[in-house]
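These notes are about the structure you will find just below.
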Amino acid sequence: MASFLYVATDSKGGSVSGLVEATDRAGVIAILNKQSLRPISIKEGSAAATGFLGSLDKLLNSSGKVKSDHLVMFTRQLSAMVGAGVPLIRSLNSLSSHSESPGLTKILAGVIKDVEGGSTLGNALAKYPNVFNDVYVNMVKAGESAGILDEILKRLAVQQEKNTTMRKKIKSAMTYPVVLICITFIAFFGLMIFVIPQIGSVLVDLGGPGTKLPSLTLGMLAISSFLIHYWWLVISIILGAVFGTRKYIRTPDGKRNFHRLALKIPAVNTIIKKVAVARFARTFSALMGAGVAVLEALDVTSKALGNVVFEEALQSAAAEVEDGKPLSSIIGANPLFPPIVSQMLAVGEETGQTDTVLVKVADFYEEEVDVAIDGLSSIIEPVMIVIMGAMVGLIAASVMIPIAALSTSVKG
């Protein structure tokens, strides 16, 4: 197939240009007519132009962000329309014209163009990995090959809703601690820069030039003086540490080390493990229910867990499964996974209902995540209050101790 550059007009008289693949000019005209476009100019594109326009089109189509809520709604509506017997192209056109997400509308335009050109829906969606991840694409491909696309889309919508709900709960639980930390830092720097220097000058005026202040007060005054004179250095160090850490975490080694460290932090590691197990159970269940092969399902699921340690564990498990070992025994030997997961997998392997069994595991661990998050929130709140109280108490002590000493000397 050759690539053709075209210029055409739409039904409203607007000019449209783009790139399309077809066997000849007649094929291009047929594709444009299906899109209700009237061709003005059709030229066979060079390899350079094809590569450039393809990259530009991918960049433009993938730049618009699509909210998870919009993606869930699109998946549910497409499932309903396909299940009702509406042709796929008509369904996509309808959803594109009524979508509330500009990014999704732009992407669907490219998907429709590819499907009309003969591509499968799964292959068309695979061109936009920032919106349709590996799990989504593989399940759609499996649904198309098995002729149960509407059922697969329903599974996808449920899975996305569960994942979105879990992410929202985690973000909501972390909002309060982050706000408290920010308030603590702002209060500390505010007191050090604006309050402590004034109090220090008052103490010196009261006690006279030769007054000896307590070590605690001198330490606070020294910190205050450093922040006032070298605030730019403090800000540079903080920003450098933040950006340096983020850059390091984005490297393969940094990401792996960060995820390993997170699994060693008390209270936090429990939540991370339960979230990963819940995602594994629901994603693997959905892929198995869609008819995806076990090895492919393990590979796709490993990339959807959000933790490199768990990802490597599943990839290692896939290698052992390929050698003939049952997945339940492999998972059971790995300390990352609770015993209930291997036990339920064994039941699923014996009964042939692995997808059904794992859904129950996912439901159980999603509830466990809720409980763990609530428990962590209840711990973080008093800890942050104690830290803020200690900070204020330390500053108050550095002020009150010299005042008490001065008042004693005045009485004497």
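Every number here is computed from the coordinates shown, using simple stated rules; none is lab data. Every value quoted in this text rests on a predicted model; they were computed, and no experiment measured them. Counting neighbours? That spans all protein chains shown, and the Cβs are built from the backbone with ideal geometry, glycine included.
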State, as an integer percentage, the relative contact order of the range 162-412 based on alpha-carbon contacts under 8 Å between residues 6 or more apart. 25
When the Karplus curve 6.51 cos²θ - 1.76 cosθ + 1.60 is applied with θ = phi - 60°, which whole-Hz ³J(HN,Hα) does each residue of the range 369-383 get, with x for Gly and Pro? 4, 4, 5, 5, 5, 4, x, 5, 4, 5, 7, 5, 4, x, 4
So if I take the alpha carbon set of the range 68-159, get Rg, then get Rh from the Kirkwood formula, what is the Rg over Rh ratio? 0.91
In terms of Cα to Cα distance under 18 Å, which lysines are near enough to residue 169, apart from those fewer than 8 places away along the same chain? 67, 273, 274
Give a residue-ordered list of calculated ³J(HN,Hα) values for the range 243-253 (Karplus: 6.51 cos²θ - 1.76 cosθ + 1.60, θ = phi - 60°; whole Hz; x for Gly, Pro). 5, x, 5, 4, 5, 5, 5, 6, 7, x, 5
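Roughly how compact is the range 264-412, stated as its Cα Rg over 2.2 N^0.38 Å to two decimals? Could you put the intermediate results ahead of the total?
On the way: Rg = 25.3 Å, N = 149, 2.2 N^0.38 = 14.7 Å.
Here the Cα radius of gyration is 1.72 times the empirical estimate.
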Once the in-chain neighbours fewer than 8 apart are removed, the aspartates and glutamates whose Cα is under 15 Å from residue 43 read 21, 24
Net +/- balance of residues flanking residue 118 in space, Cβ distance below 13 Å, scoring K and R +1, D and E -1: -1
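Which value results for Rg/Rh of the range 191-347 when Rg is the Cα radius of gyration and Rh the Kirkwood radius based on the inverse mean 1/r?
On the way: Rg = 27.2 Å, Rh = 20.1 Å.
For the range 191-347, the value is 1.35.
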For the chain, size of Cβ-based charge dipole, Lys and Arg +1, Asp and Glu -1, in debye: 1180
Give the label of the value calculated from the structure for mean projected area of the Cα convex hull in nm², choosing from (1) 20.4; (2) 25.4; (3) 29.6. (3)
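Rank by packing, highest mean first: peptides 379-391, 356-368, 84-96, 327-339, with packing defined as the count of other Cβ atoms within 10 Å averaged across residues.
356-368, 327-339, 84-96, 379-391
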Summing -39500 (n - 2.57) over every DSSP H run of at least 4 in the chain, dividing by its residue total and rounding to the nearest 500, the 222 nm mean residue ellipticity is -25000 deg cm²/dmol
